[in-house]
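Accompanying notes for the structure given below.
The values are calculated or read from the model by the stated rules, or taken from the named source; none is laboratory data. What you see is a predicted model; the values in this text were computed from it and never measured. Cβ placement follows ideal geometry from the backbone for every residue including glycine, while neighbour counts extend to all protein chains displayed. These area figures cover heavy atoms from the full protein model, side chains too; ligands, DNA and RNA do not enter into them. Shrake-Rupley method; radii C 1.70, N 1.55, O 1.52, S 1.80 Å.
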Amino acid sequence: MQRVYKVLSFFCDQIITDILIAELSNIGFDSFLITENGFEASISLEHFDQKILDELIDSYSSLGSITCRSNQIREKNWNVEWEKNFQPIVIEDQCIVRAAFHKIKNKYPIELIINPKMSFGTGHHETTYLMIQNQLNTDHEHKRVLDAGCGTGILSVLAEKLGAEKIIGFDMDHWAYENSLENINLNSCHRIEIVEGKIEKISGQHTFDLILANINLNVIIEDLNSYYKLLSPGGILILSGFLVSDLNTLLNCIEDLNISLIEQNSRNKWMSVCLKKDK
Amino acid sequence: MAKEISGYLKLQIRGGQANPSPPVGPALGSKGLNIMEFCKQFNARTQDKMGQVLPVVISIYSDKSFDFVIKTPPASVLLLEASKLKKGSAEPNRLKVGSVTWDQVRSIAEIKMPDLNAPKVESAMKMVAGTARSMGLKVTGRAPWDK
């Protein structure tokens, strides 16, 4: 379902801008664009309440002039400008990631076709690059793979190309869910299932031989016990999406689990780790 | 050679919660920046300030690459947290609905010092106290300069 947003443009001075932003952030607004004469805020239409907004403006109008104009916009792929200019990327001379519109001269053993459409994972970001590097060095043959926070579905597609028997990817973001399905089709994959939702949606009946999670430190720490439970004895867990400076925080969290660090890699300030569950 | 800057974007985003919905998506997307890369970087760098509104200034380079600086939260955000009020006063100049102590004002001023054009913490405290009063918050106790 396509989301509709209420966009509010405020015209006011800087003190009022800061105060209104503080107030709006307490009633569901999460980001603000500072403009020349004030700021812009938006919220999904179903969460917008005109009465609360009017009260808020009223309560600060004694501090100075506040004008608010509003309109509505439909969700669309705002990343299209970047996506139409992105360049193919080659990882370890083994794997090329390109969009459907790219024409390429050189052949590589593995080719991943990814149309990103505002989802994360093209190989350009260090963490996706690190995940792919790790996957290329990990045995996937006949393995069951879980791709947590699958984004564009790029890691799932690679897992199938590397011989995995069954892959389940999940993402809580609807755009990512739709985009993963599109990319699975583009790559003619048949052994990938995509689930929309969080890790709770993944059934506890089956375990996985390999779990991939390129998300962020907070989510990884929150879901670490679930990954551990879903991992078969001797299974591999590859994590990325966190900074080098956060490695110790993550390692402290695995101290009580029967899991050992077998490899760590970094690229610029980003990090990946490869962990193995004891048999 | 330093890269040529083609423009700036100023945003305020909750720590750890950047996502491509408006205004972030349309603002970055229209400049040809990779929205998802920004969100990933911003969220990683601000995960220890989860949910707190943080000003961020993005420098956009002519090759569509970017970097950004994260500043300290606005005084108003810190004041609302300190007073534990969900909302400021309905009539800031008349009705005082909450209060902060001078000690809290000092703590906020100390957090804000790197971003304020204030030579001493006392000057920063006066700015923070001014914002508090504008929001309808009473500053309680004795100011350090009232001996």
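Would you check which residues across the range A:214-249 are buried (at least 21 other Cβ atoms within 10 Å of the Cβ) and more than 14 Å from chain B (Cβ to nearest Cβ) and list them?
A:227, A:230, A:231, A:235, A:236, A:237, A:238
Is there a residue in the range A:253-270 that is crowded, with 17+ Cβ neighbours inside 10 Å and small (Gly, Ala, Ser)?
Checked the range A:253-270: no residue is crowded, with 17+ Cβ neighbours inside 10 Å and small (Gly, Ala, Ser).
Would you point out which residue out of B:123, B:134 is in contact with a Pro (Cβ under 7 Å, 6 or more places away or on another chain) and modelled with pLDDT under 95?
B:134
I'd like the residue in the range A:128-148 that is outside any strand (DSSP E or B) and in contact with a helix residue (DSSP H, G or I) (Cβ under 7 Å, 6 or more places away or on another chain) and, out of all such residues, is farthest from the other protein chains (Cβ to nearest Cβ).
In this case the residue turns out to be A:140.
So which residues in the range A:11-63 are open to solvent by less than 30 Å² (accessible area, probe 1.4 Å), of a type in the set (Ser, Thr, Tyr) and either touching a residue at least 24 places away in the same chain (Cβ under 8 Å) or facing chain B (nearest Cβ under 8 Å) (or both)?
Listed by number, the residues that qualify are A:25, A:31, A:42, A:44, A:59, A:60.
Would you mind listing the helices (runs of 4 or more DSSP H) fully within the range B:1-99 where at least 1 residues are open to solvent by less than 10 Å² (accessible area, probe 1.4 Å) and modelled with pLDDT of 95 or more?
It comes to B:24-29, B:35-45.
Among the listed residues B:53, B:24, which satisfies the condition of being within 7 Å of chain A (Cβ to nearest Cβ) and touching a residue at least 40 places away in the same chain (Cβ under 8 Å)?
Step by step, each of B:53, B:24 is checked, and only B:53 is within 7 Å of chain A (Cβ to nearest Cβ) and touching a residue at least 40 places away in the same chain (Cβ under 8 Å).
Sort out which residues of the range A:72-92 are more than 8 Å from chain B (Cβ to nearest Cβ), open to solvent by less than 80 Å² (accessible area, probe 1.4 Å) and touching a strand residue (DSSP E or B) at 6+ places or on another chain (Cβ under 6 Å), and write them in order of number.
Within the range A:72-92, A:88, A:89, A:90 meet the criteria.
Checking the structure you have, find out if any residue of the range A:93-115 is on the phi < 0 side of the Ramachandran plot, open to solvent by 40 Å² or more (accessible area, probe 1.4 Å), within 12 Å of chain B (Cβ to nearest Cβ) and under 25 Å from the mean Cα position of the chain (by Cα).
Checked the range A:93-115: no residue is on the phi < 0 side of the Ramachandran plot, open to solvent by 40 Å² or more (accessible area, probe 1.4 Å), within 12 Å of chain B (Cβ to nearest Cβ) and under 25 Å from the mean Cα position of the chain (by Cα).
Taking into account only those residues within the range A:161-178 that are more than 12 Å from the chain's Cα centre (by Cα) and not in a strand (DSSP E or B), which is farthest from residue A:135 (Cα to Cα)?
If we take residues in the range A:161-178 being more than 12 Å from the chain's Cα centre (by Cα) and not in a strand (DSSP E or B), then A:178 is farthest from residue A:135 (Cα to Cα).
Just give me the residues in the range A:214-248 being within 16 Å of residue B:17 (Cα to Cα), in contact (Cβ under 8 Å) with a residue 40 or more places away in the chain and part of a helix (DSSP H, G or I), in sequence order.
A:219
Which of the residues that make up the range A:194-213 are among the charged types (D, E, K, R) and either outside any helix (DSSP H, G or I) or open to solvent by less than 60 Å² (accessible area, probe 1.4 Å) (or both)?
A:196, A:198, A:209 - these are the residues of the range A:194-213 that are among the charged types (D, E, K, R) and either outside any helix (DSSP H, G or I) or open to solvent by less than 60 Å² (accessible area, probe 1.4 Å) (or both).
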